[in-house]
Amino acid sequence: MKSVVKWIFGILGGILGLVMVSGLVLYSMGQIRLRKTYSVSLQPVEIPTDEESLEEGKRVFQYRGCEACHGEELQGLVYLNNPAIGQVITPNLTSGEGGIGDERSDLDLIQAVRHGLRPDGTPLLFMPSTEFYYLSDRDLGAVLVYIRSLPAVNNQPDPSKLSNTGFVVMNLTREITFLPAELIPHDQEPPQPPEPGLTVEYGEYLALSCPVCHGLGLSGGDIPGFPPEWPATGNLTPGKGSRLKKWGEIGFMEIIRDGEKHGRGIHPDYMPWTSYRHMSDLELRAVYAYLMSLPAKDFGNH
């Protein structure tokens with residue numbers, strides 16, 4: 001009997017040891033990825049000074065979701081606090097106490113926005129630069145002048161950090177982009193964006209953030225790696241389970257603007273319609289045209 005108990009404890013001890021070693025390996029792999037440096041050849045963008053560009057920069061900052069992450073005063077926020085992943089905390093972008101406004105040059109901000117990198121070339125956690133890499137120089141310049149225009153706010157957020165299980169998830173799944181800088185072709189010039197207009201191409205440019213939650217094929221379903229209490233995302237293609245075709249262009253614009261139409265509401269914590277409502281009619285129409293041009297897929301068929 002004693003030998004059996006000893007054998008069982010030996011097996012359990014071996015399993016525990018294997019788990020601990022595996023955890024240390026995954027943690028070390030994560031640290032290597034976090035400390036990797038990237039070399040980028042940056043090109044400045046024209047920074048406008050007129051009032052119209054300032055207002056446009058604010059609007060782009062809003063509908064691209066930057067305000068939702070950094071706050072209305074750009075003071076920085078705890079955007080996500082999940083023990084399974086860690087904390088996503090955005091920095092204070094102003095020149096106030098605890099802010100980085102006076103510490104970052106325009107090129108530093110371009111590197112952070114387009115490439116997801118700190119000034120030292122190490123990657124930023126969860127900075128959605130796989131979307132912002134494609135921003136036009138016009139939009140990026142307007143955003144920069146808007147950031148520089150806001151008054152100083154005193155707030156010193158902690159940096160984003162991964163939990164122990166976050167390091168495990170980071171290295172075992174490719175379905176969550178912890179370090180978007182790893183996916184960006186830093187040695188290439190961003191492609192030329194389409195001109196604004198009622199075109200599928202311009203709609204695609206405006207909808208670059210949608211695949212993050214709705215999947216690469218935009219057919220919706222559960223969001224990989226997100227908390228289980230989060231609802232499934234909707235099917236944005238014209239396929240089975242999609243409401244967009246039935247709603248039509250006007251109905252699509254109404255629900256994005258108001259967050260509640262057609263007998264259903266959209267919770268802003270899960271679908272950031274409060275950001276997208278700042279799009280113009282032309283922009284929303286272009287997005288709808290793009291979504292309706294997609295190959296029809298059944299719901300959840302990413």
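Which residue, HIS267, HIS214, HIS278, has the most motion in a Gaussian network model of the chain that connects Cα atoms within less than 10 Å?
Comparing HIS267, HIS214, HIS278 in a Gaussian network model of the chain, the most mobile one is HIS267.
Using helices alone, I'd like the mean residue ellipticity at 222 nm for the chain: each DSSP H run of four-plus residues gives -39500 (n - 2.57), total over residue count, nearest 500.
Calculated at 222 nm, the ellipticity per residue is -13000 deg cm²/dmol.
Averaging the inverse of every distinct alpha carbon separation and then flipping it gives the Kirkwood radius. What is it for the stretch 153-197, in angstrom units?
14.4 Å
Answer rounded, prolate or oblate for the stretch 221-302, using the Cα gyration tensor with square roots of eigenvalues a ≥ b ≥ c: rounded when a/c is under 1.5, else prolate when a/b is larger than b/c, else oblate.
Oblate is the answer for the stretch 221-302, as a/c is 1.5 or above yet b/c matches or exceeds a/b.
Loop-only GluC sites (Glu not before Pro) in the stretch 147-224, please: DSSP not H, G, I, E or B, and at most 13 other Cβ atoms within 10 Å.
GLU175
Quick one: if the Förster radius is 41 Å, what FRET efficiency do GLU249 and GLU51 give, using the C-beta to C-beta distance and rounding to 0.05?
So, using R0 = 41 Å, E works out to roughly 0.85.
With a cut-off of at most 12 other beta carbons within 10 Å, and DSSP calling the residue loop, which GluC sites (Glu not before Pro) in the stretch 65-96 qualify? Please list them.
Counting only loop positions with at most 12 other Cβ atoms within 10 Å, the GluC sites (Glu not before Pro) in the stretch 65-96 are GLU72.
What dipole magnitude, in Debye to the nearest 20, does the chain give about its Cα centre under +1 on Lys/Arg Cβ and -1 on Asp/Glu Cβ?
For this selection, approximately 1760 debye.
What span do the alpha-carbon atoms of the stretch 44-87 cover on each of the three principal axes, reported in whole Å from largest to smallest?
Sorted from largest, the Cα extents of the stretch 44-87 read 45, 23, 17 Å.
Longer than 32 Å from Cα to Cα, which of LYS58/LYS297; LYS58/LYS261; LYS58/LYS240 are they? Say none if no pair is.
The answer is LYS58/LYS297; LYS58/LYS240.
Under the rule of at least 5 residues apart or a separate chain, name every residue whose amide H is placed under 5 Å from the amide H of GLY265.
Under 5 Å from the amide H of GLY265 lies no amide H from a residue far enough along the sequence or on another chain.
Take the stretch 112-227, drop everything but the C-alpha atoms, weight them equally and run the Debye formula without solvent; then report log10 I(q)/I(0) at 0.20 Å⁻¹ to two decimals.
At q = 0.20 Å⁻¹ the computed log10 ratios are -1.31.
What residues qualify as long-range amide H neighbours of GLY239, i.e. H under 5 Å apart, gap of 5 or more or another chain, H built at 1.01 Å from N?
Counting only residues 5 or more places away or on other chains, the set is LYS297.
If you build the Cα gyration tensor of the chain and take the root of 5 times each eigenvalue, what three semi-axes come out, in whole angstrom, biggest first?
The equivalent ellipsoid of the chain has semi-axes of 37, 28, 18 Å.
Could you work out how far the C-alpha centroid of the stretch 204-227 sits from that of the stretch 262-277, in angstrom?
Taking the Cα centre of each part, the stretch 204-227 and the stretch 262-277 sit 15 Å apart.
Near ASN155, within a Cβ-to-Cβ distance under 9 Å, what is the net charge of the other residues, with Lys and Arg +1 and Asp and Glu -1?
Surrounding charge for ASN155 is -2.
Arranged from highest to lowest average of other beta-carbon atoms within 10 Å per residue, in what order do the peptides 255-261, 129-135 appear?
129-135, 255-261
FYI, it's all coordinate maths here, none of it is from the lab. Quick caveat, the model's predicted, so the values are computed rather than measured. Glycine also receives a Cβ, built like all others from the backbone with ideal geometry; neighbour counts cover every protein chain displayed.
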